[in-house]
1. Let me have the 222 nm mean residue ellipticity of the chain computed from DSSP H runs of 4+ only, each contributing -39500 (n - 2.57), with the sum over all residues rounded to the nearest 500.
2. Return the distance in nm (one decimal) between the two label points of a simple spin-label model at Glu344 and Ser194, each offset 7 Å from Cα along Cα→Cβ.
3. Between Trp130 and Arg35, how many nm apart are label points set 7 Å from Cα along the C-beta direction?
4. What does the accessible area per residue of the chain come to in Å², with a 1.4 Å probe and no ligands, DNA or RNA counted?
5. What is the ratio of the Cα radius of gyration of the range 1-132 to 2.2 N^0.38 Å, with N the residue count, to two decimals?
6. What percent antiparallel are the DSSP beta bridges of the range 26-179, to the nearest 5?
7. To the nearest 10 degrees, how steep is helix 118-132 against the longest Cα principal axis of the chain, on a 0 to 90 scale?
8. Can you grab the distance from the C-alpha centre of the range 156-211 to the C-alpha centre of the range 283-297, Å, no decimals?
Amino acid sequence: MTDKLNELTAAGVAVWLDDLSRVRLSSGGLDQLRREKHVAGVTTNPTIFAKALSDADEYNWQLHDLATRGVEVEESVRMLTTYDVRWACDVMRPSYDGSDGVDGRVSIEVDPRVAHDSDRTVAEAKALWWLVDRPNLYIKIPATEEGLSAITDTLAEGISVNVTLIFGLDRYSAVMEAFLSGLEQAKANGHDLSKIGSVASFFVSRVDSEVDKRLEKVGSDQAKALKGKAAIANAQLAYERYAEVFSSDRWKALAAAGAHPQRPLWASTSTKNPDYRDVIYVEELIAPGTVNTMPESVIHAYADHGETRGDTITGAYDAARKVFADLESVGVDMDDVIVTLEREGVEKFEASWQELLDGVRKSLEAAAKGKGAPNKAAKGNAKAAEKAGGA
């Protein structure tokens, strides 16, 4: 039987999991995906953590301890989430070591409420880097205008960064500029560039969701014929810019000093429209040096019926530009689409963060009243984490 995920990996696409929970860690599910499904990295976000903490009692023992110590809600959230990410880093360590530090990475996001405050973003990034204390960690920083300088300043400290919530081409170019500047400063600061990693998370399906809504409103046959084309074209043109930047003399100087390129990472790759093929945002975005972070359902779907047809990006630039021209001709303002998506992206993560805070607050209150006492299974999970280096 053909190993479709291995074919995808061989084509230059690193398969990452867009999910994390303590259940997945304690059950060995993450390690199984690493061993059997070629999963070489993990991404998280506030929405993922809010769901994880609301669904499982594996957190009870830690909540009990935090409540007993009187730890405040926001610090409790940091303790809970960094615990899981540290454990995941240890699970993924073989991929990190086997890829010379390129893969095996696990991401944790700064508080999204500080996405428009550069100084607080950098301070949060440094705190999370210290708390997790694993070389295969990524700190996720949103690609807001204010986030650009934070990306540079964080990399300059020798901290690896996953730049998230990228929707538009111009912002992506600015992100790559921030990356190069950060590495140049890191080198000047005496850091080993070979130890610093970065990816740029370019969001995909959300672009189609927003554009398709606008095309439906236009209502013409010409407009409707463009549905489901904007997101892939946008990502393909992003890869064109990536190829240009990482063939420049400026980059070659950094590479000579041991630096790894900032790979484009395709995020939001589950289809939101059931009329679209469930693996379309994987099949149509295959090119060397990329990452595709997928929910587990998409990983299994690709393993079942995904088609790896070689590089589906570098020969498609002209067709992608025509999609953009056609969208403009029917009245879709892509600049406005990108501004809308960035604003909504930050707002959604802020809402999830608040949901996370509210959930932890209620759990701490329950634990303080004796309703969240640790159970045997939870204690066992703590011992398992400690054994794995995740405590």
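1. On the way: 19 runs with 228 residues, N = 391.
Here the helix-only value at 222 nm equals -18000 deg cm²/dmol.
2. Inter-label distance under the simple model: 4.5 nm.
3. 3.7
4. Details: 15960 Å² over 391 residues.
Value for the chain: 41 Å² per residue.
5. Numbers: Rg = 16.3 Å, N = 132, 2.2 N^0.38 = 14.1 Å.
Rg over 2.2 N^0.38 Å, computed on Cα atoms: 1.16.
6. Working: 0 of 10 bridges.
Around 0 percent of the beta bridges assigned by DSSP in the range 26-179 are antiparallel ones.
7. The angle comes out at about 50 degrees.
8. Taking the Cα centre of the range 283-297 as reference, the centre of the range 156-211 is 18 Å away.
The values are calculated or read from the model by the stated rules, or taken from the named source; none is laboratory data. Since we're looking at a predicted model, the values are computed, not measured. Please note: Cβ atoms are built from the backbone with ideal geometry, for glycine as well, and neighbour counts cover all protein chains shown. Note: areas computed on protein heavy atoms with side chains; ligands, DNA, RNA excluded. Shrake-Rupley method; radii C 1.70, N 1.55, O 1.52, S 1.80 Å.
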